[in-house]
Amino acid sequence: MHGGWTFGQLLRAGRLRAAATQEQLAHRAGLSARHVRDLEAGRITRPRPGTVALLADALGLSAGERERLLTTARPEAMAGHDPPGTTPLDTTPIGQPGPAPSGATPGARPAPAPSAGQAGPAQLPAALAGFTGRAAQLRRLDDLLDRAAGQSTALAVVLVVGTAGIGKTTLALHWAHRARPAFPDGQLYVDLRGFDPSGRAVTAGEAVRGFLDALGVPASRVPADLPAQAALFRSLLADRRMLIVLDNARDAGQVRPLLPGAPGCLVLVTARGDLDGLVAAEGAHLLVLDLLGDAEAAELLAARIGPRAREEPEALARLADSCARLPLALALVGARAALRPQFPLGQLAGELAEAGRVLDTLRSADASTDLRAVFSWSHRMLAPGTARLFRLLSLAPGPDITGPAAASLAGVGQGRGAAMLAELARAQLVSEHAPGRFRFHDLLRAYAAEICAAEDSAEQRRAALHRLLDHYLHTACRAALLLAPDREPIEVKPPAPGAVPRRIGSERAALAWFTAEQAVLAASIRRAAEEGFEEHAWQLVWTLADFLTRRGNAGPRGAARPQRDDAHTLYRLGLSQWADLAEPSGQARTELSLALAYSQQDDYHATLHHSELARQRYEAAGHRAGQVLAVVGMWWACLQLGDLVPSLAHARRFLALSQELGDRFGQAAAWDCLGQTRQRMGEHGQAVDSYAAAVRLFALHGEDYGRACSLIRLGDSHLALGAAQTARVCWREALELLEKLAHPERHGVLKRLAAAA
């Protein structure tokens with residue numbers, strides 16, 4: 001402190017003199033605005049010298065001013081007094097603040113030059129030239145560095161984890177070089193080779209002895225046992241400010257002996273596993289690297305390929321997709337393109353797009369950059385059962401998988417399946433992108449498929465797929481009957497040994513399960529049809545009918561805006577199977593499915609025709625619940641054709657049938673149908689009454705989506721009657737429901753509210 005001035009006060013005075021906001025100063029210095037605020041407010045009491053240097057550069061301070069700023073931040077570094085006749089900061093204008101150093105990008109710190117005359121070891125390997133992307137992660141590391149500067153009791157440990165080829169080492173070294181000025185006593189580095197082609201990792205003893213040698217300890221003074229070596233290492237680092245990079249760690253036991261015992265140092269660890277013991281016991285900060293975003297992936301490719309990359313943006317995007325936005329794969333493709341400047345990027349994109357060619361195209365003579373080799377180091381570390389599950393996951397249709405489904409695929413108990421998935425997640429071979437739902441990227445899937453074909457017989461692969469399809473089918477059958485208890489069940493064979501169906505106990509749980517698994521079930525139907533499991537295919541289609549109708553994805557209920565591609569494919573896959581059923585209800589469902597398919601093609605005359613045939617067959621079978629679905633199809637077709645009088649009659653018939661069945665959901669949907677027809681007729685007062693009834697019944701039924709759709713149309717009718725305020729109330733309530741469901745129709749509601757405002 002100078003004359004009562006704190007560092008924060010001194011910094012604020014310099015910023016105000018430079019006529020800069022906190023955000024502008026943060027941008028120029030490559031820091032976050034929050035850190036500048038914390039520094040000025042005194043919440044960070046001991047900023048790093050490197051941070052102070054960046055701020056001084058951004059403020060354009062003179063040499064004397066820089067010294068005063070630094071010594072105020074670090075009183076222990078003061079010579080004992082200020083130079084005579086100085087003030088905290090010279091109030092003489094110094095012109096405009098200094099620009100950000102050359103090469104700096106918004107939100108990122110510039111790479112500093114090595115400190116002259118640095119006394120300690122400088123073991124960092126060279127950083128990647130032309131590093132791009134990972135701006136958010138770099139800011140997070142900067143945040144952790146500055147936060148550690150304000151703590152005087154805790155050692156800072158940062159754990160960077162991610163799957164093979166995700167760029168952990170590249171990020172760590174890039175940031176470590178940027179952060180060098182904050183560690184004037186030097187930097188230590190060791191590659192622990194946790195996942196090395198040789199299979200032999202560096203032991204903690206080997207690593208600590210290497211560090212002791214770098215710190216100038218003669219071999220004769222190095223203790224014989226690891227605990228004593230680690231203790232000497234901690235003693236040497238006491239009161240020093242050093243950066244220690246432990247790259248490619250296998251487990252926490254390999255890391256712990258290499259941790260300093262006192263604050264002042266920062267340890268940066270990279271690993272494929274999450275090393276959760278370090279987080280729990282040492283308080284390590286976890287930084288998980290995911291695949292690059294689309295823009296970052298394209299930027300990385302363009303940096304490797306050169307100027308011609310900008311001439312073929314579509315090919316660049318296709319290349320990034322083929323590489324699954326995995327940094328190592330992108331780097332390999334970039335190198336391949338750079339070595340073949342005479343070939344268009346579209347040609348390389350075509351090579352990568354060919355089935356089964358990605359890993360071949362990305363082959364490298366260097367084991368450290370060959371994708372198969374890099375993936376194999378993680379695979380061979382797994383327990384045998386977990387390695388087998390990893391291979392079998394390549395057979396799973398759809399974008400992700402749950403614990404019970406994975407257990408069925410492997411033919412093990414649910415608890416064992418969950419434990420194996422957890423092991424794969426710790427090894428960063430799968431990621432839990434949502435609670436209980438796991439996935440891996442396309443290149444890992446391709447690798448898993450290769451080793452599955454090599455190590456598991458065709459019979460084993462088919463049996464695994466059979467168990468998985470049985471898991472989905474038996475779970476879906478139970479869920480379908482919870483959604484529509486009056487529906488005539490189908491006969492399903494017992495599940496194969498090892499299949500683990502989910503136990504679903506309520507209609508709400510059934511709806512949630514179908515919602516979460518819809519994309520997986522669609523993919524499962526396709527896979528079943530392709531692999532000769534025809535019975536699974538049509539029976540899975542049967543299970544989805546009521547859910548798709550209720551959700552508006554394949555039927556004309558309520559606000560039905562069908563997701564045409566998925567629903568059309570699902571029904572087409574089942575039509576040939578249903579046509580073979582001899583009983584009237586089976587034929588009726590075939591006709592109804594045709595009606596739905598034609599509706600998705602906007603052929604409403606055909607929709608009306610097949611809906612009427614379905615109604616007749618359901619009536620002949622005495623199947624009143626089926627009649628309801630057929631009548632809804634007839635109502636929808638007439639509404640779209642503008643035949644409003646028969647549309648109104650069908651809506652009334654829909655309501656009467658639902659009341660006879662005691663189906664509250666059906667009654668709610670029927671009132672909504674009546675409202676839509678009345679609204680189309682211009683009878684907005686009667687439409688308001690119908691929609692209000694639908695909203696009440698949907699609320700009683702716990703059906704948020706249907707309630708939201710009716711609220712939207714209720715607001716529209718109120719607006720038509722001139723009640724704009726009431727309309728906005730309805731739309732806001734609908735928006736809350738749709739946001740909870742993350743449904744895309746919320747955007748339309750926002751437009752209504754904006755227009756009304």
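The values are calculated or read from the model by the stated rules, or taken from the named source; none is laboratory data. These numbers were taken from a predicted model, which means no experiment stands behind them. Here Cβ is always computed from backbone atoms with ideal geometry, including for glycine, and neighbour counts include all displayed protein chains. Surface accessibility is based on the protein's heavy atoms, side chains included, excluding ligands, DNA and RNA. Shrake-Rupley method; radii C 1.70, N 1.55, O 1.52, S 1.80 Å.
Just the protein heavy atoms count here, and of the accessible area of the range 701-745 at 1.4 Å, carbon and sulfur take up 54 percent. Reducing the range 593-658 and the range 293-345 to their Cα centroids gives an inter-centroid distance of 52 Å. P(r) for the range 641-757, from all Cα pairs and a bin width of 10 Å, is 16, 43, 34, 7, 0 %, short bins first.
Altogether, the Stokes-Einstein calculation at 20 °C and 1.002 mPa s, with the Kirkwood radius of the chain over Cα pairs as Rh, returns a diffusion coefficient of 70 µm²/s.
For the range 1-69, compute Rh as the Kirkwood radius over C-alpha pairs and then the Stokes-Einstein diffusion coefficient at 20 °C and 1.002 mPa s; write the answer in µm²/s, rounded to an integer. Could the numbers behind the result be given before it?
Working: Rh = 11.8 Å.
After rounding, the answer is 182 µm²/s.
Modelled label positions at Asp442 and Thr169, each set 7 Å beyond Cα in the direction of Cβ, lie 2.7 nm from each other.
When the chain is described by a simple charge dipole with +1 on each Lys and Arg Cβ and -1 on each Asp and Glu Cβ, the residue from Ser32, Ala755, Trp671 located farthest towards its positive end is Ser32. One quarter of the convex hull surface built on the alpha carbon atoms of the range 412-538 amounts to 8.7 nm², the projected area averaged over directions. Compute the helix-to-body angle for 294-305: its Cα long axis versus the longest principal axis of the chain, expressed 0 to 90° and rounded to tens. That works out to roughly 50 degrees.
Taking the protein heavy atoms of the range 258-408 in the context of the full set of protein chains, the accessible area attributed to carbon and sulfur is 55 percent at 1.4 Å. Solvent-accessible area per residue in the chain equals 42 Å², computed with a 1.4 angstrom probe and all protein chains kept.
Over the chain, DSSP H runs of length four or greater, each weighted -39,500 (n - 2.57), average out per residue to a 222 nm ellipticity of -19000 deg cm²/dmol.
Taking 8 Å as the Cα distance limit and 6 or more residues as the minimum spacing, I'd like the relative contact order of the chain as a percentage.
Working: 1219 pairs, mean separation 49.9, N = 757.
It comes to 7 percent, rounded to a whole number.
Among beta bridges identified by DSSP and lying wholly in the chain, the antiparallel ones come to about 20 percent. Computed from the Cβ-Cβ distance with R0 of 22 Å, the FRET efficiency linking Glu314 to Phe343 stands at 0.85. Rounded to the nearest 0.05, the FRET efficiency derived from the C-beta distance between Ala425 and Ser368 at R0 = 35 Å is 0.90. With both labels modelled 7 Å from their Cα along Cα-to-Cβ, the Gln123 to Glu23 distance reads 4.3 nm. Computed over every Cα-Cα pair of the range 239-298 and binned at 5 Å starting from 0, the pair-distance distribution P(r) comes out as 4, 15, 26, 21, 13, 9, 6, 4, 1 percent. Taking the longest Cα principal axis of the chain as reference, the axis of helix 63-73 is set at about 70 degrees.
You can think of it this way: the chain between Ala33 and Arg74 has 12.6 nm of extra reach, that is 0.36 nm per residue less the Cα-Cα gap. Stretching the chain fully between Ala754 and Arg380 yields a gain of 129.0 nm (0.36 nm per residue, less the alpha carbon separation).
Evaluated at q = 0.12, 0.16, 0.22, 0.23 Å⁻¹, the base-10 log of the normalised Debye intensity for the range 157-282, with identical point scatterers placed on the Cα atoms, takes the values -0.43, -0.77, -1.41, -1.50.
Extending 7 Å from Cα along the Cβ direction at Ala724 and again at Gln640 yields two label points whose distance is 3.4 nm.
The Arg696 and Arg462 beta-carbon pair, evaluated with R₀ = 51 Å, returns a calculated FRET efficiency of approximately 0.50.
Scaled to the compact-protein estimate 2.2 N^0.38 Å, what is the alpha-carbon radius of gyration of the range 476-536, rounded to two decimal places? Could you put the intermediate results ahead of the total?
Values: Rg = 12.5 Å, N = 61, 2.2 N^0.38 = 10.5 Å.
Relative to the 2.2 N^0.38 Å estimate, the range 476-536 comes out at 1.19.
Measuring with a 1.4 angstrom probe and ignoring ligands and nucleic acids, Ile712 comes out at about 10 Å² accessible. If you average the alpha carbon positions of the range 227-248 and of the range 406-466, how far apart do those two centres end up, in angstrom? Using only Cα atoms, the two centres lie 40 Å from each other.
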